[in-house]
Every structure is written in structure tokens, then in C-alpha cells.
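Worksheet: the structure to be examined is printed underneath.
The values are calculated or read from the model by the stated rules, or taken from the named source; none is laboratory data. All of these numbers come straight from a predicted model, not from anything done at the bench. So basically every Cβ, Gly included, is an ideal-geometry build from the backbone, and we count neighbours across all protein chains shown.
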Amino acid sequence: MKDKILETRREKLSSVLENGCMLVVFAAKDDSFSFVQNNNFYYLTGLNTPEAILLMSKTKGILNTNLFIERTIPERIVWDGAKMSKEEAQEISKIDGVFYLDEFERVLASQLSISHRLFLEMDAVKLYEPPTKNQFFAEQIIKKNPSITIDNLAKLINPLRMKKDEWEVEQLKRAIEVTGLGIDNAYQNARAGMFEYQVEALIYNEMLMNGVRNWGFKPIVAGGKNAVTLHYGENNQKLQANKLLLLDVGALYNNYSADISRTFPIAKSFTKRQKEVYEEVLQVQKTIINTVEPGITLKDLNQKTVELLTEALFRLKLIKDKSEVRNYYMHGVSHFLGMDTHDVFWGDTILEPGNVITVEPGLYIEKEEIGIRIEDDILVTENGGENLSIGIPKEVEELEEIRRKALEKK
Ligand SMILES: [Mn+2]
């Protein structure tokens, strides 16, 4: 990570941390097939090592930052390899105070004795599920230190994460670029008779070949009527000629997630009706992208989307009354994007330079087996919205030309 970025983030966090306050962030567990770090931990340390703990505390205006990592056990090296060394952890995170995990309790106790508030990730409580690591930790802390207040780390860190720094925008651009390569592979090689999961494989293959091993979220590859199910994720049906194929996919690059939707014909061209509906959605999408600027709220964008789609639905002769729009458009047009696909926010959602959001209007017409969503990722700048995924074709003429050439190949 570029120089000073981590230090700057921690300084910003420190500036909103009051004296006598501390925070603890746990790294992700090492139990997944393809490890993905906890986002807040990664944001503050840049470390991809599992099981580690970050502890920050502020007293008398001074920020104390300590990191705890796993100790290498010599007998395990032959099985697991060596763990990250203190020097490596220091080098990457630029944190001087690096300890082993077995020293955590001692340092924690000394920090707790001079703190009155502890910020933690507050995971949602789920009935019938065991407490998460954070919930378990909070319980133990309160038992031993009844006077301490537990507070939500999101309150401090989400406002920071909402404004992307230059390095973060670079990661998002790469995630989007790789996603675009995957979508292009689908444009080139999707055929009637294929299973949707085979199109998923076309996209995933490009991700792997370009050094990306994880999706940002469960990919949606929805042929024909499946596209009217908003979170369709089975991806196990056969593609039919003359239907549309909706992709809603995103590669995860260095913990940053792209989120792109495209809809294209499985045949060489759109049918007249498909094209009619597609053009309406595309027009609305472009208008909303042009509306993005600092000072606008996500609610404003959605309101405008509903207005425009309502007019479109009248033109398409699908509705007779404004109230019917919700039968064909049921979701929001935008969400914040970043390390989480539906990225964090806190408080109001008035756009500021540095925010990254999606713009994704859609129309879903069950009886015609048409589901269309077009989604781009937009960086908010002083001058308005910058479309980071502009390079991924979405114009009718482009898509028809790509499909015609692709289908003529074989
Ligand atoms: Mn989205």
C-alpha cells in the first residue's frame, strides 16, 4: 500500500476518538478456502494475516496502537509454513507495537484500566446462533469491567470508509476492469443451450486468469424469466435463444468489490420488444448517472429513477396508474460501494467527493419473461459522477454487434 495511507487513516480515526476511548478489531479467521480479510481490520492495518487483533487506545491526546499476531510454532512449520513475523507485520502495517497473541490479555487489561469506552464491531444478533467473536468478547469485558461502555465502531470508521482515498479508487478500478473482462468473455461465448453456471464459469475464468480469486458477492447469471427474481442465484437453468441474459457480478480485488450488471440478448440481436424496454432502462440509467453530484442524496436519485421509470412504463403500455410502478421496479437505484459490495455508511447519505456508488435501474416484466438491469459504478467528484465502468459495453448497437460477430464465429 502506498506510503502514509495507513497512517493517515489511523490518524483520522484518532481525531474522532476521545481520550479514554479504545477500540479492538479482530482479523478474519483462517477457516475459509480462499481467505478474505475482515474489512475494518484490513482498512486499518493493510494486513492479510488471519487471527490477528488490532488494539488502539487514546489517552491524554496520544494514540497508542498495538497489533497482536500469531506466534510461529516450530513443529507446525512443516504443515502450515511459518506465520507472519513481527518485522513483516511492522513493515506492512507501519505499526511499531507488534506483539504475539499470548500477550493480548495483559496489554488489554492495562488499557482497559485507563479507558471508559470500548468500540467494537457490533455484529447483528441472530437468534439460534452462537454469539460471534465480538459478542463473546464484549460479554467477557463487561463481566470483568462493569463500568466500561461498549460502543459501535461503525460510528467512527464508516464515515472514513465512505470517502475513498486514491489507493482505494485504484483497487476499485482494477476490480471493475477484471469484472469487465469476465463480462466480455460472457458476451463472446454465451450460447443458447448452455447452463447459466457455465456462463458464471466464463466470468470466473477471466477473474482467475487475471489474478482475482474471489467474487465480491454471489454472482447472478439469470436467463429469461429468472432475471425477474432480483436475487436469483441458482444459476442452474439452460439459456434459451431469443431470451435475454442478465449478469450481476463483481470481482473482489484486494478486498474491493466491483458491482456491475449487464443485460444482453442470447441471440444475435434484441427482439423489438426487448429492445424497446432495454432502451428505456438505459436512458434512465444515463440520466441518473448524469444527476450524480456532491450534495445529492441516494434518496433523491431513487425518487428521480421512479419518476423516469414511471414515464417509461406508460410509454411501454404496462401501467395505467403511477401506483403500479412498484410491480415492475422494486429495488433502490444506488448503494455505496467499496470493500463491502453494499458498502458501509453512517447517518445521512448526502453525496460527497470520494464516495463511490452504484447506479442500477431495472425493469422486471414477469409475464413477458423480460428482466433488465444495467448497473455501473460511479465515483463522486467535484464535477459530478465519473463512471468507472464506462468501458463495459451497454449500448444496443454495441451489444448487437458483439453478439452477431460472436455467434458467427461458430
Ligand atoms: Mn448493486
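Take region 1-30 and flag every residue that is in a loop (DSSP other than H, G, I, E, B) and under 22 Å from LYS86 (Cα atoms).
First pass over region 1-30, keeping only residues in a loop (DSSP other than H, G, I, E, B): 1-4, 16-20, 27-30.
Once the filter is applied, which keeps residues that are in a loop (DSSP other than H, G, I, E, B) and under 22 Å from LYS86 (Cα atoms), region 1-30 yields MET1, LYS2, ASP3, LYS4, ALA27, ALA28, LYS29, ASP30.
Does region 347-368 hold any residues that are in a strand (DSSP E or B) and either among the acidic types (Asp, Glu) or more than 21 Å from THR291 (Cα to Cα) (or both), and which are they?
Pass one, region 347-368, residues in a strand (DSSP E or B): 350, 356-359, 362-365.
Selection gives TYR364, ILE365.
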**Report entry** Count - residues of region 105-135 that are within 20 Å of ILE69 (Cα to Cα), within 31 Å of the chain's Cα centre (by Cα) and part of a helix (DSSP H, G or I)
**Finding:** 2
**Report entry** Selection from region 138-172 of residues that are touching a strand residue (DSSP E or B) at 6+ places or on another chain (Cβ under 7 Å), part of a helix (DSSP H, G or I), in contact (Cβ under 8 Å) with a residue 40 or more places away in the chain and closer than 22 Å to LEU112 by Cα
**Finding:** LEU156
Query raised in the report: Taking interchain pairs and intrachain pairs at least six residues apart, which have beta carbon atoms under 8 angstrom, with the first residue in region 244-260 and assigned by TED's automatic domain parsing to the domain that holds ILE357 and the second away from the ligand (no atom under 14 Å from the Cβ) and basic (Lys, Arg)?
Result: TYR253/ARG174; ASN254/ARG174; TYR256/ARG174
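Answer with yes or no whether TYR364 is more than 30 Å from ASP165 (Cα to Cα) and more than 16 Å from the ligand (Cβ to nearest atom). Even if it seems obvious, please write down each step before you answer.
Numbers: more than 30 Å from ASP165 (Cα to Cα): yes; more than 16 Å from the ligand (Cβ to nearest atom): no.
Spelling it out, it is not the case that TYR364 is more than 30 Å from ASP165 (Cα to Cα) and more than 16 Å from the ligand (Cβ to nearest atom).
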**Report entry** Top-ranked residue of region 313-322 - restricted to ones that are basic (Lys, Arg) and part of a loop (DSSP other than H, G, I, E, B), ranked as farthest from the ligand (Cβ to nearest atom)
**Finding:** LYS320
Report task. Quick one: in region 161-170, of everything that is in contact with a helix residue (DSSP H, G or I) (Cβ under 8 Å, 6 or more places away or on another chain) and surrounded by 19 or more Cβ atoms within 10 Å (Cβ to Cβ), which residue is farthest from ASP377 (Cα to Cα)? Result -> ARG161
Query raised in the report: Filter region 336-355 for residues that are surrounded by 23 or more Cβ atoms within 10 Å (Cβ to Cβ) and within 15 Å of GLY216 (Cα to Cα); which is nearest to the ligand (Cβ to nearest atom)?
Result: LEU337
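Just the residues that are more than 16 Å from the ligand (Cβ to nearest atom) and not charged (D, E, K, R), please, taken from region 231-246. Walk me through how you get there before you give the answer.
Quick first cut of region 231-246, residues more than 16 Å from the ligand (Cβ to nearest atom) only: 234-245.
Listed by number, the residues that qualify are ASN235, ASN236, GLN237, LEU239, GLN240, ALA241, ASN242, LEU244, LEU245.
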Query raised in the report: If a residue has to be under 20 Å from TYR329 (Cα atoms), away from the ligand (no atom under 16 Å from the Cβ) and of a type outside the set (Lys, Arg) to count, how many in region 252-281 make the cut?
Result: 7
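To keep it simple, each residue is scored yes or no on (1) at positive phi; (2) exposed (fewer than 11 other Cβ atoms within 10 Å of the Cβ); (3) not aliphatic (A, V, I, L, M).
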{"residue": "ASP3", "(1), (2), (3)": "no, yes, yes"}
{"residue": "ASP30", "(1), (2), (3)": "no, no, yes"}
{"residue": "ASN40", "(1), (2), (3)": "no, no, yes"}
{"residue": "THR45", "(1), (2), (3)": "no, no, yes"}
{"residue": "ALA52", "(1), (2), (3)": "no, no, no"}
{"residue": "THR59", "(1), (2), (3)": "no, no, yes"}
{"residue": "ARG76", "(1), (2), (3)": "no, no, yes"}
{"residue": "VAL98", "(1), (2), (3)": "no, no, no"}
{"residue": "GLU103", "(1), (2), (3)": "no, no, yes"}
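Just to verify a result, which residue in region 381-400, among those that are in a strand (DSSP E or B) and more than 16 Å from the ligand (Cβ to nearest atom), is surrounded by the most Cβ atoms within 10 Å (Cβ to Cβ)? Show your work before the answer.
Restricting attention to region 381-400, the residues satisfying the condition of being in a strand (DSSP E or B) are 381, 384-387.
This time we only want the ones that are more than 16 Å from the ligand (Cβ to nearest atom), so: 381, 384, 386.
On the way: THR381: 14, GLY384: 17, GLU386: 15.
Only one residue fits best here, namely GLY384.
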Query raised in the report: Do we have VAL344 as among the aliphatic types (A, V, I, L, M), within 19 Å of the chain's Cα centre (by Cα) and part of a loop (DSSP other than H, G, I, E, B) here?
Result: yes
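Run down VAL249, VAL325, VAL333 and say which single residue is away from the ligand (no atom under 16 Å from the Cβ), in contact with a helix residue (DSSP H, G or I) (Cβ under 7 Å, 6 or more places away or on another chain) and at pLDDT 95 or above. Explain how you work it out, then say what you get.
Details: VAL249 fails: away from the ligand (no atom under 16 Å from the Cβ); VAL333 fails: away from the ligand (no atom under 16 Å from the Cβ).
Only one candidate qualifies: VAL325.
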